[in-house]
Amino acid sequence: MDAFDVDTSATNLSRRQFMKGSLAVAASAAALSAFGCAPSTKVKEDEGAAMAVNPEEGGTWVAAACWHNCGGRCVNKVMVKEGAVVRQKTDDSHEDSPTFPQQRGCVRGKAQQQQCFGADRILHPMKRKGWKPGGGENANGQMRGKDEWEVISWDEAIDLACQEIKRISDKYGPTGFYCKSPDASINVMCGCVRGWDTTSHGTYTLGSDMIGLPSTDIGKANDRFDLMNAEYIIMYSSNPTWSAAGTPTYYFIQAKEAGVKFVTVDPLYNASAQMLDADWIPVRNGTDMAFMLATAYEMLRLDQEEGNIVDWDFLNKYTVGFDAEHMPPDAKLSENLKDYVMGTYDGTPKTPEWAEPICGVPPEQVTAFARILGKNNKTMLLHNYGMVRCNGAEMIPQMLMALGAMGGHMGKSGHACGGAYHANCGNYGPNLVKAGSAKKPKTKNPCSTGVRQPQLYDLILAGGGEVLDVSNSYGSFHEPIPTTLGPIKGIFHVTDATLQTSLHQKAGIEAHRAVDFVLTRAQFMTTNALYSDIILPVTTEWERPGSVTTCNREFVYCYSQVTEPLGEAKTDQEIGTLLLEGMGMDPKLAYDTSEKQQFFEQIAGSQVMGASGEMEPLVTITADDISEWGVEGEPQEGIISLADFVANGGYQFERTSDDGHGFIGYEDFVTDPEANPLPSASGKLEIYCQARYDLMASFGYEGIEQYKPYPTYVVPVVGYESTFKDKKIGGEKSEYPYIMYNPHYLRRSHSVFDNCPWLRETWANPVFLNRQDAKDKGIAEGDTVLIETPAGKGLRRAALMDILLPGVVGVPHGAWVDVDEATGIDRAGSDNYLIGAEYGGMGVSGYNNQICNIKKYDGEALEADCDWPQRIVSA
């Protein structure tokens, strides 16, 4: 229990004490130094020496949360000594080996203490000075993002918030509020309109199950031990070294050492490709469909001329809609993918020569790629989601699935066609260990309306209007329900970073200035907080009782409390309780157990794969444990004691290559498709899918006439064609001649960590430019670059590359917007400040194929942003 009951206090853990203790943590920062990091905090040498002597004497190691949505879910442990965190380490619970790898953290995890103890933590409730309840002129909304702040008490903050929530709710009802991710307290209090977007999974959000894939396609590849059985692994739009830190890259390194050849398809020869010495097929972002169609053409041509490329048996047995002889029963159109690729309908065969002007890939590379996908090669076609976060990407899931099916790369060892995403990247299969869940009251949002996020900002600015309600939640869509919404007057921000991470950010800022009230829970002056009226200081996970989370199929992480809440920060449940009480409502409608009880229930409900092949209790819990924790529960028998589970930071299922827990994606379906049908209408992989097309057509979005129920090339609303006048490729360039995308990288997890000084020093905030493009514009390394799009303008410092396609501009994702109100230019170069709301087809948001122009900035040059002042609000 020592690891759980750390005796610290907010008083003892002052910022000064933490920063003194942090010199010892510089030992962990040495791991950052390989990337050029030098901690910015300076401490007197004698203080540092004092902390360095016997650092472990009297200290306690605590498994601490590394809770952000980066894809790693790795082990993070800190030593607490005399009320300060003095050291940090990652997983050392067992000896590292290829079969039993440690769950090691990355540079972001090593900077985690700055998320808890940073000088810019908001520790008290804050109110914008110019705001008063009552709406109208009292809101003084035009000053959001510009106004000064004042510290207020929790009583005043809750009273003011509840006054305004009651007023808006009484006048406008639940549709008077907006929240991207409402929690139980908001559901009970008032309800809200929700926003939806295709965000992380892009078009895979939109009806993947209808074509036979798992929901959002996060499964159906193979177990990590099968990677070594492949001959080729294709990493399509995938860079796990940056976007899925932790063990995935280690798995791929083992495959490389076993002789597997890697191929990367990406506009950037990224860090994973470099590490794995992959062959590079450089495809312009947003033009993947042209490349894939040309690949299908070459597979058909090679098969006809040479044979043994296309697996016709697989296509005929397990798919529908590839050719005229194998159409689904519900097909309304007498067309199919094969004939479209061969040019039967439009007189244009989709040859590599046809595709090259669009995607930029030389024909010989298309042919080589087609050969790799041939049925006699053991090939794994693994994708991430960058290529489907593009305008016009609606049909890519069907096309990529079709390529995998043409080579028969499903259901057998060494072959795969599926996702390579997040912590399960490179290691798919049923969970061998998984976290339990806590029992909580079920609450329901009284408003069922979901509005496409970028349109929602326009709706707010218009004071309401007609919308199409098409989404129940992320990844869940239905036929449109025409809905008229009145004015939205209140915005809640809870666990999200919506204003920062959603496109159409410039309009989002104006929408925030147009409402009567914005209430935000925040740890720092984030973008959400900056444009708010009242900020309620919320704890980090290091200040909460603890939690259990499933990290990958082999590991569950149990993290515990490191410190008591700093300042006056409260947990989400505590804040929700205060708001409900302020509204005169019973908090038990939303929260009927303590957070410690919930933590215990997560532990008690955790399971592990037993010898019987069934999931069994993981943790042994005794009556003494229950009494010591002061919770309700029943004793149970597991395979690890409660004390060890908490102290070790969870449990990892030990594997061997022959342990019987291997997994081959689609093996059950391929073995017996009748007994194991897929979730599509036909039970097969639907290359022609009438149901998904009908749903898409029902939305009535722009350009729907270009789409078919099978994959075709569609000119996107905004994309590569838009870099030319009149959208004619090869003609005169438009005023926005470059195509822009927003890669994820190691400085941030989405927008989280952008304020951490260590990471700011380690990883700059650049714009990636092709070296020749930069030279043509007179831009040198480190110059300040003005990036201009139809939506906005931003500044970044140039990073010149020979490994980025010409004509492509990379704006790494997540920088906290910092708008110069005089010029309207964002000094941080936020990617979403540069992206508009354009959409078509099924509503896929174009995060990765926006158009832009670049030039050397003629104003004051940017300093490195690690030298910018932090957003510190004095108490």
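The values are calculated or read from the model by the stated rules, or taken from the named source; none is laboratory data. Because the structure is a prediction, the values reported are computed rather than measured. All Cβ positions, even for glycine, are placed from backbone atoms using ideal geometry, and neighbour counts span all protein chains on display.
Check the stretch 744-757 and report whether any residue there is in the same structural domain as Asp818 (by TED's automatic domain parsing), assigned to a loop (DSSP other than H, G, I, E, B) and over 16 Å from Gln112 (Cβ atoms).
Within the stretch 744-757 (the criterion being in the same structural domain as Asp818 (by TED's automatic domain parsing), assigned to a loop (DSSP other than H, G, I, E, B) and over 16 Å from Gln112 (Cβ atoms)), the answer is yes, since at least one residue qualifies.
For the stretch 150-172, the set of residues classified as among the aliphatic types (A, V, I, L, M) and closer than 17 Å to Glu581 by Cα consists of Ala157, Ile158, Leu160, Ala161, Ile165, listed by residue number. On the basis of being in contact with an Asp or Glu (Cβ under 9 Å, 6 or more places away or on another chain), under 18 Å from Pro743 (Cα atoms) and either surrounded by 18 or more Cβ atoms within 10 Å (Cβ to Cβ) or assigned by TED's automatic domain parsing to the domain that holds Glu686 (or both), does Val283 make the cut? Yes; evaluated as a whole, the condition is true for this residue.
Taking only the stretch 657-715 into account, find how many residues are touching an Asp or Glu at 6+ places or on another chain (Cβ under 6 Å) and among the β-branched types (Val, Ile, Thr). Within the stretch 657-715, residues that are touching an Asp or Glu at 6+ places or on another chain (Cβ under 6 Å) and among the β-branched types (Val, Ile, Thr) number 1.
Count of the stretch 509-553 residues, restricted to those that are assigned to a strand (DSSP E or B) and in contact with a strand residue (DSSP E or B) (Cβ under 8 Å, 6 or more places away or on another chain), is 17.
One line per residue, one yes/no per condition, for (1) among the acidic types (Asp, Glu); (2) assigned to a strand (DSSP E or B); (3) within 18 Å of the chain's Cα centre (by Cα); (4) surrounded by fewer than 21 Cβ atoms within 10 Å (Cβ to Cβ):
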residue: Leu400; (1), (2), (3), (4): no, no, no, no
residue: Ala405; (1), (2), (3), (4): no, no, no, no
residue: Gly429; (1), (2), (3), (4): no, no, no, no
residue: Lys442; (1), (2), (3), (4): no, no, no, yes
residue: Ser471; (1), (2), (3), (4): no, yes, no, no
residue: Ile481; (1), (2), (3), (4): no, yes, no, yes
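Since Ser476 meets every condition but one in (1) surrounded by 20 or more Cβ atoms within 10 Å (Cβ to Cβ); (2) within 24 Å of Asn69 (Cβ to Cβ), which condition does it not meet? The failed condition is (1).
Scanning the stretch 514-524 for residues that are under 25 Å from Arg73 (Cα atoms) and not polar (S, T, N, Q) gives Arg521, Ala522, Phe524.
Consider Leu769 carefully, then state whether it is crowded, with 19+ Cβ neighbours inside 10 Å and either in a strand (DSSP E or B) or among the aromatic types (Phe, Trp, Tyr) (or both). Considered against the rule, which asks whether it is crowded, with 19+ Cβ neighbours inside 10 Å and either in a strand (DSSP E or B) or among the aromatic types (Phe, Trp, Tyr) (or both), Leu769 comes out as yes. Checked against the criterion of being of a type outside the set (Phe, Trp, Tyr) and in contact with a Phe, Trp or Tyr (Cβ under 7 Å, 6 or more places away or on another chain), the candidates Gly567, Gly584, Gly576, Gly605 yield just one match: Gly576.
When the residues of the stretch 76-92 are filtered to those that are in a loop (DSSP other than H, G, I, E, B) and at pLDDT 90 or above, which remaining residue is surrounded by the most Cβ atoms within 10 Å (Cβ to Cβ)?
Applying the filter and picking the extreme gives Asn76.
Within the set Gly130, Gly58, Gly136, the sole residue that is touching a helix residue (DSSP H, G or I) at 6+ places or on another chain (Cβ under 6 Å), among the small types (Gly, Ala, Ser) and either at positive phi or modelled with pLDDT of 95 or more (or both) turns out to be Gly130.
Conditions tested, residue by residue: (1) modelled with pLDDT of 95 or more; (2) in contact with a strand residue (DSSP E or B) (Cβ under 9 Å, 6 or more places away or on another chain); (3) crowded, with 19+ Cβ neighbours inside 10 Å.
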| position | (1), (2), (3) |
| --- | --- |
| Glu564 | no, no, no |
| Ile575 | yes, yes, yes |
| Leu579 | yes, yes, yes |
| Asp586 | yes, no, no |
| Ala590 | yes, no, yes |
| Ser594 | yes, no, no |
| Phe599 | yes, yes, yes |
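Summed over the stretch 614-631, the residues that are buried (at least 16 other Cβ atoms within 10 Å of the Cβ) and part of a loop (DSSP other than H, G, I, E, B) give a count of 2. Selection over the stretch 781-804 of residues that are in a loop (DSSP other than H, G, I, E, B) and either within 24 Å of the chain's Cα centre (by Cα) or touching a residue at least 24 places away in the same chain (Cβ under 8 Å) (or both) gives a count of 7.
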